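See below for the structure under consideration.
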Amino acid sequence: MTTTIVKVPSTWMVLLPGNRWVNLAQIAEVQLSDTACEARVIWANGNRAIFQDEQALYLVEALEEARDSIEERVSKILIP
């Protein structure tokens, strides 16, 4: 198995509803609830946060957009 390291920005700021700024680059893990519109975040420093309702939806959408952007970068590197 080949390991590929892709440099991503150390700051990837997103504005959530309620005028809350979040740095996606500092998120270590996200757990999504099956029963509620809730996203539980573990930050790179070990702190935890819970995003609910509209903020959770925007956070998940922003993470999906970030993932797509990173995958696009990786595909340019791996597929000449």
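The values are calculated or read from the model by the stated rules, or taken from the named source; none is laboratory data. Please read these numbers as outputs of a predicted model, since none were measured by experiment. Using ideal geometry, Cβ is built from the backbone for each residue, glycine included, and neighbour counts are taken over all protein chains shown.
So the check is Cβ under 6 Å with 6+ separation or different chains; which pairs have a first residue in the range 12-31 that's on the phi < 0 side of the Ramachandran plot and a second one that's assigned to a loop (DSSP other than H, G, I, E, B) and surrounded by 13 or more Cβ atoms within 10 Å (Cβ to Cβ)?
Matching pairs, first to second residue: LEU24/TRP12; ALA25/TRP12.
Out of ALA62, ALA36, I need the residue that is small (Gly, Ala, Ser), touching a residue at least 12 places away in the same chain (Cβ under 8 Å) and more than 16 Å from SER10 (Cα to Cα). Which one?
Criteria check complete, one pass: ALA36.
Any idea which residue in the range 49-61 is surrounded by the most Cβ atoms within 10 Å (Cβ to Cβ), counting only those that are of a type outside the set (Val, Ile, Thr) and assigned to a strand (DSSP E or B)?
Among those residues, the one meeting the criterion is PHE51.
Can you pull out the residues in the range 62-80 that are assigned to a helix (DSSP H, G or I), over 15 Å from VAL41 (Cβ atoms) and either modelled with pLDDT of 95 or more or among the hydrophobic types (A, V, I, L, M, F, W, C) (or both)?
ILE70, VAL74, ILE77, LEU78 - these are the residues of the range 62-80 that are assigned to a helix (DSSP H, G or I), over 15 Å from VAL41 (Cβ atoms) and either modelled with pLDDT of 95 or more or among the hydrophobic types (A, V, I, L, M, F, W, C) (or both).
How many residues does the range 14-48 hold that are loosely packed, with under 13 Cβ neighbours inside 10 Å, of a type in the set (S, T, N, Q) and assigned to a strand (DSSP E or B)?
Residues that pass the stated criteria total 1.
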